[in-house]
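Shown next, in structure tokens, is the structure this report addresses.
The values are calculated or read from the model by the stated rules, or taken from the named source; none is laboratory data. Computed from a predicted structure; not experimentally measured. Here the Cβ is made from the backbone with ideal geometry for all residues, glycine too, and neighbour counts use every protein chain on show.
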Amino acid sequence: MRRVLFLALGMGGLLACGSPPAPDESPPAESVDARTEAAPAHTEADEAQAIFEATLLPEDSLDAEAPPAAGDSEERVRLTPVERLGKLLFFDRGLSEPSGQACAVCHGPSVGWTGPELLINATGSVYEGAVKGRFGNRKPPSSAYATPAPILHLKDARKALFVGGNFWDGRATGEELGNPAADQAQGPFLNPVEQNNPSEAVVVAKVCRGPYASLFRSVYGSSICQNVARAYDAIALAIAAYEDSPEVNAFTSKYDAWLAGRAELSSQERWGLRLFEGKALCANCHPSQPGPRGKPPLFTDFTYDNLGVPRNLLNPWYWQREFNPLGPFWVDYGLGAFLQTREEWRPFARGNLGKVKVPTLRNVDKRPYPGFIKAYGHNGYFKSLESIVHFYNTRDVLPVCLPEFPGTPGEDCWPPPEVGLNLNTDELGNLGLTPQEEAAIVAFLRTLSDGYFQRH
């Protein structure tokens with residue numbers, strides 16, 4: 001039976017092989033330990049609490065020379081009342097059951113508003129919820145630069161092409177509140193593997209009895225707490241307002257400075273940009289040029305794609321039997337699985353199996369210190385920019401890893417995709433990039449981290 005299970009996990013177009021990740025994708029224990037020696041002693045929960053407490057203070061009492069409360073940008077942003085309310089909600093560790101799980105615990109500003117814990121990123125890449133031992137099924141996406149996403153809609157029926165929405169699978173459509181980011185903000189509060197609140201009423205009660213209840217009423221009216229549904233929507237809209245603020249969507253990277261004529265890109269970074277927009281085809285899904293009236297590029301077109309990412313066998317979701325009865329046989333079908341739940345979109349589900357949202361590349365390399373490990377891909381399979389760029393370049397060049405013919409992923413072979421349907425074979429897989437060209441693209445991607453300059 002063990003042999004049958006091993007072969008089932010190792011073979012087939014939908015399941016990845018059991019080969020370990022490449023060395024740069026999953027560092028050995030001593031490497032991770034060495035990197036953590038340079039890590040700050042505080043946890044992301046401590047940082048969230050500190051930011052929350054600082055945000056509670058009246059803005060006029062804040063020292064203009066003090067460091068900013070979120071992230072490591074040199075610029076302090078003055079927030080509107082609704083944005084400040086949203087920030088308090090985002091960093092409030094009391095809005096989970098039990099308390100301790102703020103939005104920021106999975107979306108840390110110091111790492112570009114995504115997963116902030118090195119050891120988690122280096123392994124399963126999925127974060128633990130408020131209840132110990134409960135994990136979700138995907139890596140936290142960045143909460144920055146997500147607010148411009150349109151409401152999920154079918155753009156091209158012939159191609160089964162959907163655009164917009166939020167979450168990796170698009171299920172926060174934006175139809176409820178007119179804003180996918182606001183729809184998304186409502187999800188984690190009631191998710192038992194995230195913040196685990198039993199009802200909307202419990203969340204509203206915590207806010208209406210909390211230390212910023214007066215601000216909540218000031219923004220949304222003195223009677224807001226008398227209507228649970230309206231108050232719950234207001235909470236989500238406030239979080240989305242903060243996520244849309246200049247503190248989160250800062251547009252202060254080196255690339256932004258270069259576009260504004262305030263910085264120079266190195267020759268390698270300029271070469272990387274040319275490759276990004278040309279030979280490597282990256283800009284097809286991650287537009288890099290300013291929009292109308294000089295609008296900064298978002299580096300995402302809000303579409304969905306199946307890159308052929310292998311399964312992350314260290315994902316703890318595979319062992320969450322209470323919430324995942326399929327166990328290790330669970331397959332992440334992405335947008336296609338969500339479309340199957342909607343009668344009007346069900347005819348397009350098969351054409352979207354395995355597709356996940358195209359993420360922004362802004363802050364893709366933002367990290368608190370050089371040795372910090374970030375995870376890439378919707379399941380965090382890749383552990384460095386170098387490895388995922390190499391995957392884009394060589395996915396269809398290297399043979400498939402098989403249990404009978406072991407090899408090092410990324411060097412001798414690649415594991416098969418988790419979902420073998422609807423693979424993007426037009427824009428990645430055999431790009432013909434040299435190692436030097438791959439390195440140039442990585443150098444360019446590193447220019448997209450916010451905090452390089454002050455916009456005002």
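Values as computed for the structure displayed
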| item | result |
| --- | --- |
| Boolean, R311 is assigned to a loop (DSSP other than H, G, I, E, B) and either loosely packed, with under 13 Cβ neighbours inside 10 Å or of a type in the set (D, E, K, R) (or both) | yes |
| The lone exception for A234 - which of (1) crowded, with 20+ Cβ neighbours inside 10 Å; (2) out of contact with any Phe, Trp or Tyr (no Cβ under 6 Å at 6 or more places or on another chain); (3) not in a loop (DSSP other than H, G, I, E, B) it fails | (2) |
| Residue match in the stretch 341-352 (condition: touching a Phe, Trp or Tyr at 6+ places or on another chain (Cβ under 8 Å) and more than 18 Å from G164 (Cβ to Cβ)) | no |
| Complete set of residues in the stretch 423-437 that are crowded, with 21+ Cβ neighbours inside 10 Å and either within 23 Å of the chain's Cα centre (by Cα) or not in a loop (DSSP other than H, G, I, E, B) (or both) | L428 |
| Residue pairs meeting the criteria (Cβ under 9 Å; at least 6 apart or on separate chains; first more than 27 Å from G451 (Cβ to Cβ), in the stretch 108-134; second acidic (D, E) and not in a loop (DSSP other than H, G, I, E, B)) | R134/E128 |
| Condition met for F276 (surrounded by fewer than 22 Cβ atoms within 10 Å (Cβ to Cβ), in contact with a Cys (Cβ under 7 Å, 6 or more places away or on another chain) and closer than 18 Å to Q289 by Cβ) | yes |
| Residue match in the stretch 269-283 (condition: under 25 Å from R455 (Cα atoms), modelled with pLDDT of 95 or more and out of contact with any helix residue (DSSP H, G or I) (no Cβ under 7 Å at 6 or more places or on another chain)) | yes |
| Residue among R362, R342 that alone is within 17 Å of the chain's Cα centre (by Cα) and of a type outside the set (A, V, I, L, M) | R362 |
| Qualifying residues in the stretch 371-407 (those that are assigned to a loop (DSSP other than H, G, I, E, B) and without any contact (Cβ under 8 Å) to a residue 24 or more places away in the chain) - the one farthest from the chain's Cα centre (by Cα) | E404 |
| Members of the stretch 133-171 that are basic (K, R), farther than 17 Å from E194 by Cβ and part of a loop (DSSP other than H, G, I, E, B) | R158, K159 |
| Pair list, Cβ < 7 Å and 6+ apart or interchain, from the stretch 245-273 residues that are on the phi < 0 side of the Ramachandran plot and in a helix (DSSP H, G or I) to residues that are modelled with pLDDT of 95 or more and among the acidic types (D, E) | W258/E264 |
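Yes/no matrix, rows are residues, columns are (1) crowded, with 23+ Cβ neighbours inside 10 Å; (2) aromatic (F, W, Y):
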residue	(1), (2)
F90	yes, yes
E97	no, no
G100	no, no
A104	yes, no
W113	yes, yes
P140	yes, no
I151	no, no
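Let's see how each residue does on (1) modelled with pLDDT of 95 or more; (2) within 24 Å of L353 (Cβ to Cβ):
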| residue | (1), (2) |
| --- | --- |
| G377 | yes, yes |
| R395 | yes, yes |
| L402 | no, yes |
| G407 | no, no |
| L428 | yes, yes |
| V442 | yes, no |
| R446 | yes, no |
